[in-house]
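First up is the structure itself, then whatever we jot down about it.
The values are calculated or read from the model by the stated rules, or taken from the named source; none is laboratory data. As the structure is a computational prediction, the values presented were derived from the model and not from experiment. Every residue, glycine as well, gets a Cβ built from its backbone with ideal geometry; the counts of neighbours run over all protein chains shown. Ligands, DNA and RNA are excluded from the accessible area calculation, which covers all protein heavy atoms including side chains. Shrake-Rupley method; radii C 1.70, N 1.55, O 1.52, S 1.80 Å.
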Amino acid sequence: MTFPASQPEQRFRALNDQRIERLRTVLDARACHAFDALPDRLLQPAGEDVLGVYLMGSAGTFGQGLDSDLDLWVVCGHGADHTRLDQRLQRETDWCRDHGLALRAFLVNPVELRAGNRSALAGDDCGSTQDRLLLDEFYRTAVLLRGAAPLWWLIAPDDERRYDELAPALSSPGYLDLGGIPGIPEDEFLGATLWHLHKAIEAPHKSLLKLLLLEAYALDEGAPLALQFKRLVHDPATDLTRLDPYLLMYERIEQHLLRRRDQARLHLARVCVLRKAESPGASPWQREEAARLRVRGGWDPDDPPTAPGIDVLLREHAEIARQLDAGHTLLRQWTDAMPARFAADRDLQLLEAELAANTMDWPGKVPRLNSSLRRTLAESHLRLASEATVEGDAAQPDWVMRTDGGAELIRHRSLAHLVAWCCLNGLWPSTTAGEIDAPTLALLGDRLGDLVRVGRPDADTLLQPPAPVRDLLFLHDDHDWSIDRVSLNSWGEVSTRSLHGREELGPLLPELDPLRLEIHSSHAQASAVALRELLGQHQRPSATQHRVIVESEHTLLCLDPPLGLDAQGPPRMQAFQTLDGRLAHLRAAPMPTLLRGHGPLLAPARALLAAAHASRSPAGRAQVLLLPADARPSANRTPAGMAED
C-alpha cells in the first residue's frame, strides 16, 4: 500500500484503509459479508441520526485474534432518538452474530463525551468515569467505516492544548468534534485500573497490558499515547506500514518497565503481546511482525515460547495472579491518597472480593484457572495417576494430574482435591485414570461436578463475608477409614480437607450442618458405619454426649451441638437415607410430623424413636435419622404433614 507523504488527513485515511484490509484477513467469507454490509445497514434509514460509524480497539492491529470481538461506536446526532437507535443496534448486533461476526455496539453521544459525562457511552459499564482515557484509546485505535472523520485528525500535535480554541474554525459537516486530550485527569486512573483488574480475572492478557499502560501513564511523565500516535502520522518520515496502535502501546510499556529494571513484568508483557500474534490463527503479517519484534528486542528466540506447553501456561497463570495482586496494591495506594472519594466505594469492595475469590490461595483451596487457560487445557487429554513421594524414610502416596506429554499440572494427597480441580475448571470429561477404582472415580466426578455447577455469585453476595453453602464427605473403605471433605462457600470457592484416623475426625463434627451436608461412599455400607463410628468417637466432657442407637438397618443418631438448628424450637429430627452409597439429607421436621409423614415406612424404628423422644437431652439437641435405601419415599409425592414445615 502506498501512503501519501504529506497531508495528515490523507495519511490518517490511508492508515485507516490498511487497518480494514488487515481486519478482513482474519474474517471468514460470511463474517466479511456482514462486516461490509453493516455500515450501510446502520445508516439506512436512520442516516440523519448517525454522524459516524467507527471501530475501535484491536481490530486490524497486531493484537487482534480469532476470538477478538469488534467494538463498534455509532455516534449519534443532536436530538437523535436514543431508544430507537439502541433497538436498531441490538437487531444489527444479532444479525452480525448470526453471520459469524462477533460485535459489541455502543451508542455515543458526542456532546456528553466532550462534557466528560459518563453517560456518553451507552452499552457498557466501565466502573468509574474514565472519559479522557476512553477518548485516548479511541483516537489511536479508531477505524472510520462511514460518516464524519474525527476533527482531531486536523489539529497539529503541538497545538493539542489549544484544541478548544482552534476546533470551531475547522468544524464542518464532514468532521466530528469529540474534544481534545492534552492530558489525563489523575482520578481517571483509579476508575480505569479498577475496571481492568475486574476484566483481567477472566481474560488477563489484554487487560494486563492496559493495566501496565495505566501504571506508565500515572508514574511516568509523557503525553497520552494518542498524541504520540498523531505525531507519528503527521510526520511524513514515519513508515505507516510499521505503525500499529497495539505495538505502540507495548513500546510505551516496555520503556516504563526497562526504566524500572522490572524484568519479571517485562517478560509477562512480552507474553501478552506475542501470544495472539503467534497463535495458529494469526495472519501472515502478524507472524512477520512478531518475528521482527523478537529480533528488534534481542529476545531469546524461545522465550516466550511460540507454542508453550501447559506447564509454561500454568507458570504464567501464577505470575498473572501475582500481577493482579500488584495492581490491586497500586490501586489501594491511589485510593488511600483520595480517602474521601473511595472510603466506601462499592466497586472497589466488589473488586477485592472477586480477586480474593478467584486468585487468592489458602490451604486446601482448589485453584480456579482463567478462561484462556481453561480453553487450552480442555483441548488436552489429562491423566490421573497415583505416585509416591519420599519423605524421610517413608513413601507417601500422592495423586498427580498430567498431560499425555507427561507435564505435571497439579499434585495433591487427596484424590478428591484433584477431581474437584478438574470439575471446577471444566476438565473432568477429558480426564482418564485407569488404575483408580471405577466406582470411586465415578462417584467423585458425579458429585463434585454437581457441587461446582453453580453460577457466579452476584454482587450482593460478594459484598458479604463468605459463608458455607455445601459440605460433601467422601468416606473411604480403608482399614483405618478416612474422610475427604469438600466444601463450597457463597463466593464460589471450593476447598478440600483430608482427615485420617479417628483422632482427626472428631473435631470435624461441630463444623458440619446437616442442612448442607451430603455423605458419599462407593461402598454400600460404608456411609452408615463410618458416620456412626465418627459420632461414637466424638465425645465431649459434658453431661450430654452423643448416643448411637442401632437396630437392624435403621440407625438413630442424636447429635450435639445443635448444628445451626433452632435451639428454642421443638425437637427436630434430621432424616437421612442411603442410596447408591450416598447419605443424603431427606427432611428436617419435628419428630411427630416426621412419624406422621412417613407412616408405616418408619414402623421398624418406632420403638427407638419413642425411647429417644422420652429420654432426649434438653432443647437444642439435633437428631439425625438414617434411613435405608429401600425406605425412600415416592419422588412425586410429598408425605402428609411434611409440606407445612
Legend entry - Accessible surface of residue 249 - all protein chains present, 1.4 Å probe, nearest 10 Å²: 10
Inset, instruction - State, in angstrom, two size descriptors of segment 126-205 derived from its alpha carbons: Rg to one decimal place and Dmax to the nearest whole number. - result: 15.1, 46
Inset, instruction - Heads up, I need the accessible area for residue 93: 1.4 angstrom probe, whole protein in place, Å², nearest 10. - result: 20
Inset, instruction - For segment 35-89, just say rounded, prolate or oblate: build the C-alpha gyration tensor, square-root its eigenvalues into a ≥ b ≥ c, call rounded for a/c under 1.5, and beyond that prolate if a/b exceeds b/c, oblate if not. - result: prolate
Legend entry - Largest to smallest accessible area among 380, 283, 386 [probe 1.4 Å]: 386, 380, 283
Legend entry - Charge context of residue 332, other residues only, Cβ under 13 angstrom, K/R +1, D/E -1: -4
Inset, instruction - Mind ranking 82, 196 by accessible surface for me, highest first, 1.4 Å probe? - result: 82, 196
Legend entry - Sequence-distant lysines (8 or more away, or on other chains) whose Cα lies within less than 27 Å of residue 276: 199, 206, 210, 230
Inset, instruction - Mind jotting down the three principal axis lengths of segment 205-317 based on Cα atoms? Whole angstrom, largest first. - result: 44, 33, 24
Inset, instruction - Please give the solvent-accessible surface of residue 375 in Å², to the nearest 10, using a probe radius of 1.4 Å with every protein chain present. - result: 120
Legend entry - Gyration tensor (Cα) of segment 241-301, equivalent ellipsoid semi-axes in angstrom: 20, 13, 10
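In segment 255-287, which trypsin sites (Lys or Arg not before Pro) are in a loop and have at most 14 other Cβ atoms within 10 Å, using DSSP for the loop call?
Taking segment 255-287 and a limit of 14 other Cβ atoms within 10 Å, the loop trypsin sites (Lys or Arg not before Pro) found are 260, 261.
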Inset, instruction - At a 1.4 Å probe radius, which order do 332, 346 fall into by accessible area, largest first? - result: 346, 332
Inset, instruction - Determine the share of segment 153-279's accessible area contributed by carbon and sulfur atoms, expressed in whole percent, with a 1.4 angstrom probe. - result: 51
